[in-house]
C-alpha cells in the first residue's frame, strides 16, 4: 500500500487585517454597550415620565378636592390626601386679599408637582340685582335693562318718568323677580376679619431694596413694601406682593402689576393703567378714566365712616367691588361714571350711583340718580344690569356664602 503524502499549507495573515478585526470588535462592543445603556436610560426615563404623570394627576385631584369641599376646609390647615402609595399629596386653602387661594402639592422622592389658583363661585348663581327694601320701589327710566334673577323692594320694578323721559324698554325685568328683605345678605364675617387682619399684621415680611422688577411666587410668604408716607407706583411687579402706605398710593399708568395688593387710606388709579390688582382703602378709591383692571381684580373699601369708590368714565373693572364697614350705609357710596363697565360681582353696604353697565351681580342698599335739580332714590336711567348665560363660566369671590359651584378664577402656579 502506497503511503500518503502530507502537504503543509502555510497561511500568512497581514498585520493590517488584524488591526481591522480589532477595530471592528471594539466598535461592536461599543455599539452593544450603547444599546444596553440606551435601554437602561429609556427605562429610567419611562419610569420618571410615568411618575411625573402620576404627580400631575394627583395635584389636579387635590385641586378638585378643594373645589368640592372648599367651604368645609379650615383656612391655613394642610390636609394630606391618600391618593396613591408611592406619592404624597397635600392641599391647603389660604386667603390673598379677598381671593381664596387653593394649593395642591404632590411629591415622590425628589419629584414634585404644584398647582395653585384662585378659587371662586360661579357668577350665574348670584342675582343680577339685590336691592334692599327700605320702602322705596325701583323705577326704570329710558333704555334701562335688567336681565336675570332680581330681588327688589315690593317684589317688582316700576316704569318711571324723569326729565321728560319715560321707560322705553320692552319689559321691566327679563327674568324672575322676588321680594327683597330690609337687610342685605350677610357678608362673610371671616372675609371681613381677614381684611382687618391683613391691614394690621404685615411687618414680619417687610422687604428691603428696590421694588422694580420684583417677582414673588405664591409658594412663598408675601413680600411687603411699606412706607409711612405717600407712594407713587411706577414699577413692574408680579406675584405675592403687598404694598402698604400709611397715607396714600398713586398707581401710575406706566406701572405694570399682576396679582399685587395695594393698601392705603386713599388710593388713586391714574389714566391709562392696565393690570391685575387688588386695591384696599379705608377712606376712598378713585379710578380715573381710560383705566382697566383686568380679571381677576378687586376694589375694596372698608370704612368706619364716610367712604367713596369713584370710577370715572370709560373705565373697565373685571372681578369684584366690595364696600363694607361699621358706619352708616348712607355715608358709603359707589359712583360709576358714564360708559363704565364692571364685569363681575358688586357688594355695597351703601348707595350706588351709576349709568353704565354691569355684567354680573349688584347687591346694594340703595340706588341713587343725581340730576342737576335733585337726587332721586332707586331710579335707574339708561343703565344695564345683566347676569345671563355666558359662553364660558366666570368665577368671582364669594362675599355672602351663597350656594354655588366652585371653579378656578386664575392659575397662579
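Summary of values
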item: Burial order of peptide ranges 258-265, 172-179 (average beta-carbon count within 10 Å, highest first); result: 258-265, 172-179
item: Antiparallel DSSP beta bridges within the chain, percent to nearest 5; result: 25
item: Cβ crowding within 10 Å averaged over residues, with 97-105, 234-242 ranked highest first; result: 97-105, 234-242
item: Scattering curve values for the stretch 309-398, log₁₀ I(q)/I(0), Debye with Cα scatterers, q = 0.12, 0.16, 0.17 Å⁻¹; result: -0.36, -0.63, -0.71
item: Acute angle (nearest 10 degrees) that the helix 15-69 long axis makes with the longest principal axis of the chain, alpha-carbon atoms; result: 20
item: Alpha carbon Rg of the stretch 77-179, scaled by the compact-globule rule 2.2 N^0.38 Å; result: 1.89
item: Mean separation of Cα contacts under 8 Å (6+ apart) over length of the stretch 209-336, as relative contact order %; result: 16
item: Nearest-ten-degree value, helix 189-200 long axis tilted from longest Cα axis of the chain; result: 80
item: Relative frequency of Cα-Cα separations exceeding 22 Å in the stretch 177-276, percent; result: 38
item: Solution diffusion estimate, µm²/s, Stokes-Einstein, the chain, Kirkwood Rh from C-alpha pairs, 4 °C, viscosity 1.567 mPa s; result: 52
item: Helical mean residue ellipticity (222 nm; -39500 (n - 2.57) per DSSP H run of 4+; nearest 500) of the chain; result: -6000 deg cm²/dmol
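Where a number appears in this text, it was derived from the coordinates with a stated rule and is not lab data. Note that the coordinates shown come from a computational prediction; the quantities given were computed from them, not determined experimentally. Ideal geometry is used to build each Cβ from the backbone, glycine not excepted, and the neighbour counts take in all protein chains shown.
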